[in-house]
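Structure record follows, encoded as structure tokens.
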Amino acid sequence: MPSKQYKNSESRGGIWRRFLDGKPEYLVRHYWWAYLWPWGVWFFDHQPIINAILFGQYRKLSQRALRDCIKNRPPGRFLQLTCAYGSLTPTLLEAMDDELYLMDVADIQLTATRNKLVDTEKERLLCARMNAEFLAYGDDLFATVLIFFLLHELPPDARERSLSEAIRVLRPGGRFVITEYGACPKKHLLWRLWPTRTVLQRLEPFLDSFWHVDLAAMLDEHARRQGKVIRQVDEFHCFSGFYRVCTFELLEQS
Ligand SMILES: C[S@@+](CC[C@H](N)C(=O)[O-])C[C@H]1O[C@@H](n2cnc3c(N)ncnc32)[C@H](O)[C@@H]1O
């Protein structure tokens with residue numbers, strides 16, 4: 001039977017509360033319609049839709065992220081940190097011949113990703129439901145970690161914890177590829193036009209804080225705290241710097 005406290009909070013309103021089920025409140029409150037509501041998942045997981053959301057840059061960004069992950073890939077396990085709409089995961093599995101670890105806090109997302117794969121690829125996808133802020137994987141388990149547009153959707157404290165966890169599970173000599181919005185795009189037309197800036201900030205309540213983060217410095221700080229050393233080896237910009245793909249490496253320690 002639901003507790004009195006839970007019943008009260010549900011009756012205070014907010015359709016989003018039905019999707020809580022152990023998931024982080026920020027995800028459920030702000031993104032239930034995009035990632036947790038079955039009709040939303042069905043709608044957004046169409047290539048033209050996700051491409052339109054990224055202003056036509058999906059292909060360019062996903063291809064670059066895949067290239068940066070796969071080319072001269074360090075030997076070892078590969079983790080995709082949370083699901084992504086579109087062809088990213090199927091294309092990734094096609095490009096690899098070993099297993100891909102995929103975690104997400106939403107079952108519906110893991111199922112949607114599996115449903116995009118052919119049977120032989122399903123066998124190579126190792127799905128687990130967990131929160132990116134508290135990964136259940138061991139230290140130094142992965143040689144490659146890929147994040148595709150997750151960080152700007154997290155509040156600052158959750159973003160810090162997720163990055164720290166990603167570094168913890170990445171082994172020295174490993175590679176970390178992050179696809180995200182670029183730094184605060186004050187000169188970009190989409191920022192200068194008040195309606196687009198307002199819509200973006202409404203739909204993405206944590207984007208503004210992400211725009212002001214120094215990603216490399218933040219990673220450096222978390223790596224240091226864990227006795228690791230990280231350095232940036234590549235940064236690709238597209239759509240006049242509105243988006244970027246950053247590649248980092250954890251240095252081997254002597
Ligand atoms: C990767 S992000 C955004 C992807 C991008 N909009 C796209 O589809 O191309 C969205 C995913 O992150 C997941 N997610 C958000 N916060 C999470 C957290 N704290 N732990 C695990 N998964 C999380 C959501 O369930 C969703 O599947």
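The values are calculated or read from the model by the stated rules, or taken from the named source; none is laboratory data. Note that this is a predicted model, so its numbers are computed, not measured. A quick note on method: Cβ atoms are made from the backbone with ideal geometry, for glycine too, and the neighbour counts reach across all protein chains shown.
Condition first: within 19 Å of Val28 (Cβ to Cβ) and either hydroxyl-bearing (Ser, Thr, Tyr) or buried (at least 18 other Cβ atoms within 10 Å of the Cβ) (or both). Now tell me which residues in segment 128-151 satisfy that.
Matches in segment 128-151: Asn131, Ala132, Phe149, Leu150, Leu151.
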Any hit, segment 102-110, residues being among the small types (Gly, Ala, Ser) and surrounded by fewer than 17 Cβ atoms within 10 Å (Cβ to Cβ): no
The lone exception for Pro185 - which of (1) under 21 Å from Arg59 (Cβ atoms); (2) outside any helix (DSSP H, G or I); (3) within 16 Å of the ligand (Cβ to nearest atom) it fails: (3)
Criterion (touching a helix residue (DSSP H, G or I) at 6+ places or on another chain (Cβ under 7 Å), in the same structural domain as Asp220 (by TED's automatic domain parsing) and not small (Gly, Ala, Ser)) met by exactly one of Pro185, Pro195, Pro172: Pro185
Breaking point among (1) modelled with pLDDT of 95 or more; (2) within 11 Å of the ligand (Cβ to nearest atom); (3) more than 29 Å from Glu252 (Cβ to Cβ), for Phe19: (1)
Residues being more than 16 Å from Asp157 (Cα to Cα), loosely packed, with under 15 Cβ neighbours inside 10 Å and within 11 Å of the ligand (Cβ to nearest atom) - total across segment 23-42: 0
Segment 100-139, subset touching a residue at least 24 places away in the same chain (Cβ under 8 Å) and part of a helix (DSSP H, G or I), residue farthest from the ligand (Cβ to nearest atom): Glu121
Test for Ala84: is it part of a helix (DSSP H, G or I), in the same structural domain as Arg244 (by TED's automatic domain parsing) and at pLDDT 95 or above: no
